[in-house]
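The values are calculated or read from the model by the stated rules, or taken from the named source; none is laboratory data. Source: prediction; values computed, not measured. Here Cβ is always computed from backbone atoms with ideal geometry, including for glycine, and neighbour counts include all displayed protein chains.
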Amino acid sequence: MKSMLVAGKERCIRCMHLLDEEGHCAKCEFDASSYKQPNMALPLGTCLNERYFLGKVLGEGGFGITYVAWDIVLMVPVAVKEYFPSGIATREKEGPQTGTLQIYEGKSELEFEKGKEDFLKEARSLSRFMKLPSIVSVRDFFQENRTAYIVMEYVEGTRVRNYIRKNGKMSGEQVLALMEPVIHSLCDIHKTGLIHRDISIDNLMFDENGQLKLIDFGAARNVELPENTITVSIKRGFSPEEQYRAKGEQGPWTDLYSLCGTMYFMLTGKIPDESVERVYADHLVPLRQWEDVKLPMQAKCAIDKGMAVLAKDRWQDMEEFYNELYPDNKRISSYDEVQLPKSFRDTLTQSGVAGLFSKTAIQREFGENMGQTEAKHKKGKWMIAGLILVVMTVGGILLYQNHNSSADEEKSIPVNVAEKTVETAVPTANAVSTPEPTPEEMAFVEIPKVIGKTAGKAKKKLQKLGVRVKIEKAYNKKKKGTVVQQSIAAGTQVKKESVIILTVSRGGKRAVQTAAPTKAPVVTARPKTTKRPQKYDASLDGYLQ
(Lines give C-alpha, C1' and ligand atoms only; values in the text may rest on other atoms or scores of the structure.)
Protein backbone atom coordinates (compact mmCIF):
# COMPACT_ATOMS: atom_id res chain seq x y z
CA MET A 1 0.00 0.00 0.00
CA LYS A 2 1.55 3.33 -1.09
CA SER A 3 1.36 6.18 1.39
CA MET A 4 3.14 9.37 2.39
CA LEU A 5 5.00 9.80 5.65
CA VAL A 6 4.48 13.38 6.86
CA ALA A 7 5.68 14.39 10.34
CA GLY A 8 5.82 10.73 11.34
CA LYS A 9 2.26 9.98 10.20
CA GLU A 10 1.13 8.06 7.14
CA ARG A 11 -1.33 9.87 4.90
CA CYS A 12 -3.41 8.83 1.90
CA ILE A 13 -1.84 10.06 -1.35
CA ARG A 14 -5.27 10.85 -2.81
CA CYS A 15 -7.11 12.79 -0.07
CA MET A 16 -4.34 13.37 2.52
CA HIS A 17 -6.32 11.89 5.41
CA LEU A 18 -4.56 9.71 7.97
CA LEU A 19 -4.40 5.98 7.25
CA ASP A 20 -5.57 3.40 9.76
CA GLU A 21 -3.28 0.81 11.38
CA GLU A 22 -3.67 -1.48 8.37
CA GLY A 23 -2.67 1.28 5.95
CA HIS A 24 -6.14 1.90 4.53
CA CYS A 25 -7.91 5.23 4.04
CA ALA A 26 -11.37 5.24 5.61
CA LYS A 27 -12.15 8.60 3.98
CA CYS A 28 -11.82 7.89 0.25
CA GLU A 29 -10.97 4.15 0.26
CA PHE A 30 -8.40 4.77 -2.49
CA ASP A 31 -6.27 1.73 -3.34
CA ALA A 32 -2.83 3.15 -4.03
CA SER A 33 -1.09 -0.21 -4.50
CA SER A 34 -1.20 0.00 -8.30
CA TYR A 35 -0.98 3.79 -8.65
CA LYS A 36 1.96 5.18 -10.60
CA GLN A 37 2.84 8.87 -10.69
CA PRO A 38 2.94 10.25 -14.29
CA ASN A 39 6.42 10.30 -15.80
CA MET A 40 6.92 14.09 -15.85
CA ALA A 41 5.36 14.68 -12.42
CA LEU A 42 7.33 15.23 -9.23
CA PRO A 43 7.67 12.06 -7.09
CA LEU A 44 5.21 11.27 -4.30
CA GLY A 45 6.27 12.90 -1.03
CA THR A 46 8.24 15.74 -2.65
CA CYS A 47 8.33 18.77 -0.32
CA LEU A 48 7.97 22.22 -1.91
CA ASN A 49 8.74 25.53 -0.22
CA GLU A 50 9.56 23.54 2.97
CA ARG A 51 5.82 23.30 3.54
CA TYR A 52 3.81 21.36 0.94
CA PHE A 53 4.17 17.54 0.63
CA LEU A 54 2.91 16.35 -2.76
CA GLY A 55 0.52 13.46 -3.27
CA LYS A 56 -1.00 12.07 -6.46
CA VAL A 57 -1.59 14.07 -9.62
CA LEU A 58 -5.08 15.56 -9.93
CA GLY A 59 -4.73 16.64 -13.53
CA GLU A 60 -2.32 17.38 -16.38
CA GLY A 61 -2.54 19.86 -19.23
CA GLY A 62 -0.41 21.55 -21.84
CA PHE A 63 0.67 24.22 -19.37
CA GLY A 64 1.08 22.37 -16.12
CA ILE A 65 0.42 19.67 -13.56
CA THR A 66 -1.82 19.87 -10.50
CA TYR A 67 -1.18 17.78 -7.37
CA VAL A 68 -3.01 17.19 -4.12
CA ALA A 69 -0.71 18.12 -1.23
CA TRP A 70 -0.56 18.43 2.55
CA ASP A 71 0.19 21.83 4.10
CA ILE A 72 2.23 21.16 7.25
CA VAL A 73 1.70 24.72 8.53
CA LEU A 74 -2.10 24.93 8.31
CA MET A 75 -2.50 21.13 8.54
CA VAL A 76 -4.98 20.98 5.66
CA PRO A 77 -5.02 19.40 2.18
CA VAL A 78 -4.39 21.82 -0.70
CA ALA A 79 -4.08 21.69 -4.48
CA VAL A 80 -0.68 22.70 -5.88
CA LYS A 81 -0.51 23.77 -9.51
CA GLU A 82 2.90 23.67 -11.24
CA TYR A 83 3.77 25.72 -14.34
CA PHE A 84 5.05 23.11 -16.81
CA PRO A 85 4.58 23.97 -20.52
CA SER A 86 5.19 20.54 -22.03
CA GLY A 87 5.92 21.96 -25.49
CA ILE A 88 8.80 24.06 -24.20
CA ALA A 89 10.34 22.30 -21.20
CA THR A 90 11.15 18.94 -19.67
CA ARG A 91 12.24 17.85 -16.17
CA GLU A 92 15.63 16.67 -14.94
CA LYS A 93 15.10 13.13 -13.61
CA GLU A 94 18.47 12.58 -11.90
CA GLY A 95 21.56 14.35 -10.63
CA PRO A 96 21.90 17.49 -8.49
CA GLN A 97 19.23 19.29 -10.55
CA THR A 98 16.60 16.57 -10.10
CA GLY A 99 13.11 18.02 -10.42
CA THR A 100 14.28 21.23 -12.09
CA LEU A 101 12.74 22.22 -15.43
CA GLN A 102 15.01 22.53 -18.46
CA ILE A 103 14.18 24.30 -21.74
CA TYR A 104 14.18 22.08 -24.82
CA GLU A 105 17.04 22.77 -27.21
CA GLY A 106 15.95 25.27 -29.82
CA LYS A 107 13.10 26.63 -27.70
CA SER A 108 12.93 30.19 -26.46
CA GLU A 109 13.83 30.83 -22.83
CA LEU A 110 12.16 34.23 -23.15
CA GLU A 111 8.97 32.47 -24.17
CA PHE A 112 9.18 30.22 -21.11
CA GLU A 113 9.83 33.13 -18.73
CA LYS A 114 6.96 35.15 -20.18
CA GLY A 115 4.63 32.20 -19.66
CA LYS A 116 5.83 31.83 -16.07
CA GLU A 117 5.20 35.51 -15.38
CA ASP A 118 1.67 35.20 -16.82
CA PHE A 119 1.17 32.17 -14.58
CA LEU A 120 2.14 34.25 -11.52
CA LYS A 121 -0.06 37.12 -12.71
CA GLU A 122 -2.96 34.67 -12.62
CA ALA A 123 -2.08 33.86 -9.00
CA ARG A 124 -1.88 37.52 -8.01
CA SER A 125 -5.22 38.24 -9.69
CA LEU A 126 -7.00 35.31 -8.07
CA SER A 127 -5.55 36.02 -4.63
CA ARG A 128 -7.79 39.09 -4.53
CA PHE A 129 -10.89 36.91 -4.61
CA MET A 130 -10.28 34.87 -1.46
CA LYS A 131 -13.53 36.08 0.10
CA LEU A 132 -15.73 35.07 -2.84
CA PRO A 133 -17.54 31.91 -1.64
CA SER A 134 -18.03 30.35 -5.09
CA ILE A 135 -14.45 30.68 -6.31
CA VAL A 136 -11.60 28.35 -5.39
CA SER A 137 -9.22 30.60 -3.47
CA VAL A 138 -5.48 31.03 -4.00
CA ARG A 139 -3.60 30.52 -0.71
CA ASP A 140 0.03 30.98 -1.78
CA PHE A 141 2.39 31.17 -4.76
CA PHE A 142 6.17 30.85 -5.06
CA GLN A 143 9.05 29.89 -7.38
CA GLU A 144 11.14 26.74 -7.13
CA ASN A 145 12.73 24.18 -9.50
CA ARG A 146 13.15 27.00 -12.06
CA THR A 147 9.37 27.21 -12.36
CA ALA A 148 6.39 28.56 -10.41
CA TYR A 149 3.66 27.09 -8.21
CA ILE A 150 0.20 28.20 -7.13
CA VAL A 151 -1.33 26.77 -3.95
CA MET A 152 -5.13 26.65 -4.07
CA GLU A 153 -8.01 25.60 -1.88
CA TYR A 154 -8.61 21.86 -2.29
CA VAL A 155 -12.22 20.99 -3.08
CA GLU A 156 -13.46 17.53 -2.17
CA GLY A 157 -16.66 17.01 -4.05
CA THR A 158 -18.46 16.02 -7.23
CA ARG A 159 -18.41 17.69 -10.61
CA VAL A 160 -21.74 18.87 -12.02
CA ARG A 161 -21.33 16.42 -14.92
CA ASN A 162 -21.11 13.42 -12.59
CA TYR A 163 -23.86 14.65 -10.27
CA ILE A 164 -26.39 15.05 -13.11
CA ARG A 165 -25.47 11.71 -14.65
CA LYS A 166 -26.02 9.99 -11.32
CA ASN A 167 -29.06 11.88 -10.03
CA GLY A 168 -30.76 13.22 -13.14
CA LYS A 169 -31.55 16.79 -14.06
CA MET A 170 -32.30 19.42 -11.43
CA SER A 171 -35.33 21.60 -10.81
CA GLY A 172 -35.38 25.23 -11.88
CA GLU A 173 -35.60 26.29 -8.27
CA GLN A 174 -32.46 24.32 -7.39
CA VAL A 175 -30.44 25.67 -10.31
CA LEU A 176 -31.32 29.30 -9.62
CA ALA A 177 -30.46 28.94 -5.92
CA LEU A 178 -27.14 27.21 -6.63
CA MET A 179 -26.07 29.56 -9.42
CA GLU A 180 -26.85 32.88 -7.74
CA PRO A 181 -23.62 33.09 -5.67
CA VAL A 182 -21.60 31.88 -8.67
CA ILE A 183 -23.00 34.67 -10.85
CA HIS A 184 -22.39 37.20 -8.06
CA SER A 185 -18.74 36.12 -7.89
CA LEU A 186 -18.30 36.32 -11.65
CA CYS A 187 -19.74 39.86 -11.63
CA ASP A 188 -16.98 40.91 -9.23
CA ILE A 189 -14.26 39.07 -11.15
CA HIS A 190 -15.26 40.54 -14.51
CA LYS A 191 -15.03 44.06 -13.08
CA THR A 192 -11.28 43.49 -12.67
CA GLY A 193 -10.92 42.63 -16.36
CA LEU A 194 -10.43 38.90 -15.75
CA ILE A 195 -12.54 36.25 -17.47
CA HIS A 196 -12.55 32.51 -16.78
CA ARG A 197 -12.84 31.17 -20.39
CA ASP A 198 -13.42 27.60 -19.28
CA ILE A 199 -16.72 27.43 -17.36
CA SER A 200 -18.34 24.04 -17.85
CA ILE A 201 -19.88 21.06 -16.09
CA ASP A 202 -16.32 19.85 -15.43
CA ASN A 203 -15.11 23.03 -13.72
CA LEU A 204 -18.10 23.53 -11.44
CA MET A 205 -18.03 21.24 -8.40
CA PHE A 206 -20.33 20.56 -5.48
CA ASP A 207 -18.31 20.82 -2.28
CA GLU A 208 -19.06 18.88 0.90
CA ASN A 209 -21.60 21.54 1.94
CA GLY A 210 -23.56 21.25 -1.30
CA GLN A 211 -22.32 24.62 -2.56
CA LEU A 212 -21.05 25.11 -6.12
CA LYS A 213 -17.40 26.06 -6.55
CA LEU A 214 -15.84 27.33 -9.77
CA ILE A 215 -12.36 25.89 -10.21
CA ASP A 216 -9.44 26.10 -12.66
CA PHE A 217 -8.68 29.64 -13.80
CA GLY A 218 -5.76 28.36 -15.86
CA ALA A 219 -7.41 28.33 -19.30
CA ALA A 220 -6.40 31.89 -20.24
CA ARG A 221 -2.81 31.90 -21.45
CA ASN A 222 -0.62 34.46 -23.24
CA VAL A 223 2.16 32.06 -24.18
CA GLU A 224 2.55 32.23 -27.98
CA LEU A 225 3.45 28.63 -28.60
CA PRO A 226 4.01 27.26 -32.11
CA GLU A 227 0.84 25.95 -33.76
CA ASN A 228 1.96 22.34 -33.44
CA THR A 229 2.39 22.54 -29.66
CA ILE A 230 -0.27 24.97 -28.40
CA THR A 231 -3.07 23.48 -26.31
CA VAL A 232 -6.47 25.02 -27.05
CA SER A 233 -8.91 24.77 -24.17
CA ILE A 234 -12.26 23.95 -25.74
CA LYS A 235 -15.19 22.28 -23.99
CA ARG A 236 -17.57 20.80 -26.53
CA GLY A 237 -21.04 22.22 -26.00
CA PHE A 238 -19.88 24.92 -23.60
CA SER A 239 -17.31 27.01 -25.47
CA PRO A 240 -18.73 29.83 -27.64
CA GLU A 241 -17.78 30.14 -31.29
CA GLU A 242 -15.31 32.99 -30.66
CA GLN A 243 -13.09 30.61 -28.67
CA TYR A 244 -12.66 28.44 -31.76
CA ARG A 245 -11.24 31.40 -33.73
CA ALA A 246 -7.69 32.72 -33.32
CA LYS A 247 -8.93 36.31 -33.56
CA GLY A 248 -12.28 35.84 -31.85
CA GLU A 249 -13.02 38.75 -29.52
CA GLN A 250 -13.58 37.45 -25.99
CA GLY A 251 -15.06 39.14 -22.93
CA PRO A 252 -17.71 38.67 -20.22
CA TRP A 253 -20.09 37.46 -22.95
CA THR A 254 -17.73 34.48 -23.44
CA ASP A 255 -18.18 33.33 -19.85
CA LEU A 256 -21.91 34.03 -20.16
CA TYR A 257 -22.29 31.53 -22.99
CA SER A 258 -20.45 28.84 -21.03
CA LEU A 259 -22.38 29.54 -17.82
CA CYS A 260 -25.76 29.45 -19.58
CA GLY A 261 -24.76 26.24 -21.36
CA THR A 262 -23.97 24.71 -17.98
CA MET A 263 -27.35 25.82 -16.60
CA TYR A 264 -29.02 24.35 -19.71
CA PHE A 265 -27.41 20.98 -18.97
CA MET A 266 -28.40 21.09 -15.29
CA LEU A 267 -32.03 21.84 -16.23
CA THR A 268 -32.44 19.47 -19.19
CA GLY A 269 -29.77 16.81 -18.77
CA LYS A 270 -28.68 17.52 -22.36
CA ILE A 271 -25.27 18.83 -23.39
CA PRO A 272 -25.83 21.74 -25.80
CA ASP A 273 -24.85 21.37 -29.44
CA GLU A 274 -21.40 22.70 -30.30
CA SER A 275 -21.42 26.42 -31.02
CA VAL A 276 -19.50 26.03 -34.29
CA GLU A 277 -22.18 23.64 -35.55
CA ARG A 278 -24.90 26.08 -34.50
CA VAL A 279 -23.30 28.81 -36.63
CA TYR A 280 -24.27 26.88 -39.77
CA ALA A 281 -27.42 25.09 -38.60
CA ASP A 282 -28.86 25.79 -35.17
CA HIS A 283 -30.92 22.78 -34.07
CA LEU A 284 -30.65 23.43 -30.33
CA VAL A 285 -34.07 23.35 -28.68
CA PRO A 286 -34.30 26.64 -26.73
CA LEU A 287 -35.04 26.40 -23.04
CA ARG A 288 -38.34 28.25 -23.44
CA GLN A 289 -39.65 25.26 -25.43
CA TRP A 290 -38.90 22.73 -22.68
CA GLU A 291 -42.30 22.45 -21.01
CA ASP A 292 -41.08 20.19 -18.21
CA VAL A 293 -38.45 22.74 -17.11
CA LYS A 294 -40.27 24.65 -14.40
CA LEU A 295 -38.88 28.17 -14.60
CA PRO A 296 -40.52 31.56 -15.19
CA MET A 297 -40.54 32.36 -18.90
CA GLN A 298 -38.42 35.46 -18.22
CA ALA A 299 -35.69 33.27 -16.70
CA LYS A 300 -35.83 30.79 -19.60
CA CYS A 301 -35.50 33.60 -22.13
CA ALA A 302 -32.61 35.13 -20.16
CA ILE A 303 -30.67 31.84 -20.35
CA ASP A 304 -31.55 31.41 -24.04
CA LYS A 305 -30.19 34.89 -24.80
CA GLY A 306 -27.00 34.06 -22.91
CA MET A 307 -26.56 31.07 -25.27
CA ALA A 308 -27.02 33.09 -28.47
CA VAL A 309 -24.57 31.86 -31.11
CA LEU A 310 -23.15 35.29 -31.92
CA ALA A 311 -21.63 37.37 -29.14
CA LYS A 312 -23.46 40.54 -30.21
CA ASP A 313 -26.81 38.82 -29.54
CA ARG A 314 -25.94 37.82 -25.96
CA TRP A 315 -25.99 39.75 -22.70
CA GLN A 316 -22.83 41.85 -22.69
CA ASP A 317 -22.04 41.53 -18.99
CA MET A 318 -22.85 39.22 -16.09
CA GLU A 319 -24.65 41.88 -14.04
CA GLU A 320 -27.11 42.54 -16.86
CA PHE A 321 -27.84 38.82 -17.01
CA TYR A 322 -28.21 38.57 -13.22
CA ASN A 323 -30.76 41.40 -13.10
CA GLU A 324 -32.86 39.67 -15.75
CA LEU A 325 -32.60 36.25 -14.10
CA TYR A 326 -33.34 37.50 -10.58
CA PRO A 327 -35.65 40.51 -11.15
CA ASP A 328 -36.72 40.68 -7.50
CA ASN A 329 -33.15 40.83 -6.20
CA LYS A 330 -31.26 43.10 -8.60
CA ARG A 331 -27.66 44.10 -7.99
CA ILE A 332 -27.63 47.84 -7.22
CA SER A 333 -24.70 49.60 -8.86
CA SER A 334 -25.59 53.17 -7.80
CA TYR A 335 -23.83 52.58 -4.47
CA ASP A 336 -20.50 52.19 -6.26
CA GLU A 337 -20.21 55.98 -6.41
CA VAL A 338 -20.77 56.32 -2.65
CA GLN A 339 -17.67 54.15 -1.95
CA LEU A 340 -19.16 52.27 1.01
CA PRO A 341 -17.65 48.82 1.63
CA LYS A 342 -19.60 46.27 -0.39
CA SER A 343 -20.69 44.16 2.56
CA PHE A 344 -22.16 47.23 4.24
CA ARG A 345 -23.96 48.22 1.03
CA ASP A 346 -25.44 44.73 0.81
CA THR A 347 -26.48 44.76 4.46
CA LEU A 348 -28.08 48.19 4.07
CA THR A 349 -30.00 47.09 1.00
CA GLN A 350 -31.15 43.79 2.48
CA SER A 351 -31.61 44.33 6.19
CA GLY A 352 -32.05 48.06 6.78
CA VAL A 353 -30.19 50.14 9.37
CA ALA A 354 -30.47 47.48 12.07
CA GLY A 355 -28.44 45.09 9.92
CA LEU A 356 -25.43 47.39 10.06
CA PHE A 357 -25.07 46.83 13.81
CA SER A 358 -24.51 43.11 13.32
CA LYS A 359 -21.14 41.66 14.27
CA THR A 360 -21.21 39.56 11.10
CA ALA A 361 -21.43 42.61 8.84
CA ILE A 362 -18.41 44.26 10.48
CA GLN A 363 -16.27 41.12 10.60
CA ARG A 364 -17.07 40.21 7.00
CA GLU A 365 -15.48 43.44 5.76
CA PHE A 366 -12.67 44.04 8.24
CA GLY A 367 -12.14 40.83 10.24
CA GLU A 368 -9.35 39.21 8.24
CA ASN A 369 -7.39 42.39 7.53
CA MET A 370 -7.50 44.11 10.93
CA GLY A 371 -4.85 41.90 12.53
CA GLN A 372 -2.23 42.05 9.78
CA THR A 373 -0.37 45.18 10.94
CA GLU A 374 -0.76 47.68 13.75
CA ALA A 375 -1.36 50.49 11.27
CA LYS A 376 -4.11 48.58 9.48
CA HIS A 377 -5.55 47.56 12.82
CA LYS A 378 -5.90 51.18 13.94
CA LYS A 379 -7.23 52.25 10.57
CA GLY A 380 -9.80 49.46 10.65
CA LYS A 381 -10.95 50.49 14.13
CA TRP A 382 -11.35 54.13 13.11
CA MET A 383 -13.28 53.13 9.98
CA ILE A 384 -15.60 50.92 12.01
CA ALA A 385 -16.01 53.60 14.68
CA GLY A 386 -16.89 56.19 12.04
CA LEU A 387 -19.40 53.94 10.34
CA ILE A 388 -21.00 52.92 13.61
CA LEU A 389 -21.24 56.59 14.68
CA VAL A 390 -23.11 57.46 11.48
CA VAL A 391 -25.32 54.41 11.81
CA MET A 392 -26.08 55.09 15.47
CA THR A 393 -27.06 58.68 14.64
CA VAL A 394 -29.44 57.59 11.90
CA GLY A 395 -30.62 54.63 13.94
CA GLY A 396 -31.26 56.82 16.98
CA ILE A 397 -33.46 59.18 15.00
CA LEU A 398 -35.39 56.31 13.52
CA LEU A 399 -35.82 54.56 16.85
CA TYR A 400 -37.01 57.82 18.43
CA GLN A 401 -39.62 58.28 15.71
CA ASN A 402 -40.72 54.69 15.98
CA HIS A 403 -40.57 54.17 19.76
CA ASN A 404 -44.10 52.81 19.78
CA SER A 405 -43.31 50.14 17.20
CA SER A 406 -42.95 46.50 18.13
CA ALA A 407 -39.53 44.90 18.62
CA ASP A 408 -39.82 43.01 15.35
CA GLU A 409 -40.54 46.21 13.44
CA GLU A 410 -37.55 47.93 15.01
CA LYS A 411 -35.24 45.22 13.68
CA SER A 412 -36.38 45.74 10.11
CA ILE A 413 -36.59 49.51 9.69
CA PRO A 414 -37.26 49.98 5.97
CA VAL A 415 -34.69 51.81 3.87
CA ASN A 416 -35.50 53.19 0.44
CA VAL A 417 -32.54 52.95 -1.96
CA ALA A 418 -32.57 55.86 -4.41
CA GLU A 419 -30.42 56.47 -7.49
CA LYS A 420 -27.53 58.17 -5.67
CA THR A 421 -28.88 58.78 -2.18
CA VAL A 422 -29.99 56.72 0.79
CA GLU A 423 -33.29 57.90 2.28
CA THR A 424 -35.05 56.48 5.30
CA ALA A 425 -38.64 55.70 4.46
CA VAL A 426 -40.08 56.98 7.74
CA PRO A 427 -43.46 58.71 7.19
CA THR A 428 -43.60 62.23 8.64
CA ALA A 429 -46.09 65.04 8.35
CA ASN A 430 -43.99 66.89 5.77
CA ALA A 431 -42.47 63.93 3.96
CA VAL A 432 -43.80 62.27 0.84
CA SER A 433 -44.60 58.75 1.93
CA THR A 434 -43.56 55.75 -0.13
CA PRO A 435 -45.03 52.24 0.03
CA GLU A 436 -43.46 50.52 3.02
CA PRO A 437 -42.22 46.96 2.44
CA THR A 438 -43.79 44.32 4.62
CA PRO A 439 -41.70 42.74 7.40
CA GLU A 440 -41.65 39.52 5.37
CA GLU A 441 -40.06 41.32 2.42
CA MET A 442 -37.35 42.86 4.56
CA ALA A 443 -36.59 39.88 6.80
CA PHE A 444 -33.44 37.88 6.11
CA VAL A 445 -32.18 34.85 8.01
CA GLU A 446 -28.83 33.07 8.16
CA ILE A 447 -28.86 29.43 7.09
CA PRO A 448 -27.34 27.14 9.75
CA LYS A 449 -25.34 23.98 9.06
CA VAL A 450 -27.68 21.00 9.24
CA ILE A 451 -25.48 18.38 7.56
CA GLY A 452 -25.20 15.41 9.94
CA LYS A 453 -28.47 16.13 11.71
CA THR A 454 -31.55 13.93 11.35
CA ALA A 455 -33.99 15.04 8.69
CA GLY A 456 -36.64 15.81 11.31
CA LYS A 457 -34.41 18.01 13.45
CA ALA A 458 -32.96 19.80 10.43
CA LYS A 459 -36.39 20.50 8.97
CA LYS A 460 -37.73 21.78 12.29
CA LYS A 461 -34.72 24.06 12.79
CA LEU A 462 -35.02 25.57 9.32
CA GLN A 463 -38.79 25.98 9.42
CA LYS A 464 -38.40 27.82 12.73
CA LEU A 465 -36.38 30.41 10.80
CA GLY A 466 -39.14 30.76 8.21
CA VAL A 467 -37.34 28.79 5.49
CA ARG A 468 -39.24 26.32 3.32
CA VAL A 469 -37.73 22.83 3.23
CA LYS A 470 -37.77 20.22 0.50
CA ILE A 471 -36.45 16.72 1.18
CA GLU A 472 -34.71 14.55 -1.40
CA LYS A 473 -33.37 11.09 -0.64
CA ALA A 474 -30.28 9.37 -1.99
CA TYR A 475 -28.23 6.29 -1.16
CA ASN A 476 -25.22 7.22 0.93
CA LYS A 477 -22.72 5.67 3.34
CA LYS A 478 -23.93 7.99 6.08
CA LYS A 479 -26.52 6.83 8.59
CA LYS A 480 -30.02 6.47 7.18
CA GLY A 481 -32.20 9.50 7.83
CA THR A 482 -29.34 12.00 8.28
CA VAL A 483 -28.80 15.05 6.10
CA VAL A 484 -25.80 14.61 3.80
CA GLN A 485 -26.14 17.74 1.67
CA GLN A 486 -27.87 21.13 1.77
CA SER A 487 -28.50 23.27 -1.32
CA ILE A 488 -27.73 26.55 0.48
CA ALA A 489 -24.41 26.71 2.31
CA ALA A 490 -24.28 27.43 6.03
CA GLY A 491 -23.80 31.12 6.82
CA THR A 492 -25.66 32.31 3.70
CA GLN A 493 -28.16 35.14 4.23
CA VAL A 494 -31.48 34.42 2.49
CA LYS A 495 -34.98 35.85 2.53
CA LYS A 496 -37.62 34.15 4.61
CA GLU A 497 -39.74 31.74 2.57
CA SER A 498 -36.66 30.79 0.52
CA VAL A 499 -36.51 27.11 -0.39
CA ILE A 500 -33.64 24.88 0.73
CA ILE A 501 -33.28 21.32 -0.55
CA LEU A 502 -31.95 18.78 1.93
CA THR A 503 -30.52 15.51 0.64
CA VAL A 504 -31.20 12.78 3.19
CA SER A 505 -29.39 9.43 3.29
CA ARG A 506 -31.35 6.28 2.43
CA GLY A 507 -28.52 4.21 3.85
CA GLY A 508 -25.63 2.37 2.28
CA LYS A 509 -27.59 0.00 0.07
CA ARG A 510 -27.32 0.92 -3.59
CA ALA A 511 -30.41 1.13 -5.71
CA VAL A 512 -30.66 -0.78 -8.97
CA GLN A 513 -31.55 2.46 -10.68
CA THR A 514 -31.35 6.01 -9.37
CA ALA A 515 -34.57 7.89 -9.89
CA ALA A 516 -34.35 11.24 -11.60
CA PRO A 517 -35.81 14.19 -9.68
CA THR A 518 -38.37 14.80 -12.43
CA LYS A 519 -40.12 12.76 -15.08
CA ALA A 520 -37.61 13.70 -17.76
CA PRO A 521 -36.05 10.99 -19.95
CA VAL A 522 -33.00 9.28 -18.48
CA VAL A 523 -29.86 11.10 -19.53
CA THR A 524 -27.39 9.04 -21.52
CA ALA A 525 -23.76 9.90 -21.89
CA ARG A 526 -22.49 11.36 -25.16
CA PRO A 527 -20.27 9.07 -27.25
CA LYS A 528 -16.71 9.22 -26.01
CA THR A 529 -14.19 10.57 -28.49
CA THR A 530 -11.14 9.73 -26.42
CA LYS A 531 -10.29 6.83 -24.21
CA ARG A 532 -10.01 7.68 -20.52
CA PRO A 533 -7.04 6.50 -18.49
CA GLN A 534 -7.47 3.15 -16.80
CA LYS A 535 -7.46 4.73 -13.33
CA TYR A 536 -9.77 7.68 -14.04
CA ASP A 537 -10.44 9.68 -10.90
CA ALA A 538 -13.67 11.56 -11.71
CA SER A 539 -14.14 13.25 -8.36
CA LEU A 540 -10.78 14.98 -8.43
CA ASP A 541 -10.14 16.00 -12.02
CA GLY A 542 -11.21 19.25 -13.59
CA TYR A 543 -8.56 21.31 -11.81
CA LEU A 544 -6.41 21.76 -14.88
CA GLN A 545 -6.93 21.60 -18.60
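Pro133 meets the stated requirement of being under 28 Å from Glu156 (Cβ atoms), touching a residue at least 24 places away in the same chain (Cβ under 8 Å), in a loop (DSSP other than H, G, I, E, B) and within 29 Å of the chain's Cα centre (by Cα). Restricting attention to the stretch 292-310, does a residue exist that is over 26 Å from Ile195 (Cα atoms) and crowded, with 17+ Cβ neighbours inside 10 Å? The answer is yes, given that some residue of the stretch 292-310 is over 26 Å from Ile195 (Cα atoms) and crowded, with 17+ Cβ neighbours inside 10 Å.
Of the strands (runs of 3 or more DSSP E) entirely within the stretch 438-545, none holds at least 2 residues that are at pLDDT 85 or above and among the acidic types (Asp, Glu). Listed conditions (1) surrounded by 21 or more Cβ atoms within 10 Å (Cβ to Cβ); (2) out of contact with any Gly (no Cβ under 8 Å at 6 or more places or on another chain) are all met by Ile65, apart from (2). Looking only at the stretch 274-291, which residues are surrounded by fewer than 17 Cβ atoms within 10 Å (Cβ to Cβ), acidic (Asp, Glu) and either touching a strand residue (DSSP E or B) at 6+ places or on another chain (Cβ under 7 Å) or in a loop (DSSP other than H, G, I, E, B) (or both)? Residues satisfying the conditions are Asp282, Glu291. Considering the stretch 153-177, and only residues there that are outside any loop (DSSP other than H, G, I, E, B) and in contact with a Lys or Arg (Cβ under 7 Å, 6 or more places away or on another chain), the residue that is nearest to Pro77 (Cα to Cα) turns out to be Glu153.
Here's the yes/no breakdown for (1) surrounded by fewer than 17 Cβ atoms within 10 Å (Cβ to Cβ); (2) outside the structural domain of Glu50 (by TED's automatic domain parsing); (3) closer than 24 Å to Gly269 by Cβ; (4) touching a Gly at 6+ places or on another chain (Cβ under 6 Å):
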| position | (1), (2), (3), (4) |
| --- | --- |
| Arg128 | yes, no, no, no |
| Ile135 | no, no, no, no |
| Tyr163 | no, yes, yes, no |
| Gly168 | no, yes, yes, no |
| Asp198 | no, yes, yes, no |
| Asn203 | no, yes, yes, yes |
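For the stretch 247-267, the criterion of being in the same structural domain as Lys191 (by TED's automatic domain parsing) and farther than 23 Å from Asn203 by Cα is met by at least one residue. The sole residue among Glu180, Glu122 that is part of a helix (DSSP H, G or I) and in contact with a helix residue (DSSP H, G or I) (Cβ under 9 Å, 6 or more places away or on another chain) is Glu180.
The residue that is farthest from Leu54 (Cα to Cα), among those in the stretch 1-33 that are assigned to a loop (DSSP other than H, G, I, E, B) and in contact with a strand residue (DSSP E or B) (Cβ under 6 Å, 6 or more places away or on another chain), is Leu19.
Could you tell me whether any residue of the stretch 102-109 is within 30 Å of Gly193 (Cα to Cα) and either in a helix (DSSP H, G or I) or assigned by TED's automatic domain parsing to the domain that holds Leu54 (or both)? Checked the stretch 102-109: at least one residue is within 30 Å of Gly193 (Cα to Cα) and either in a helix (DSSP H, G or I) or assigned by TED's automatic domain parsing to the domain that holds Leu54 (or both).
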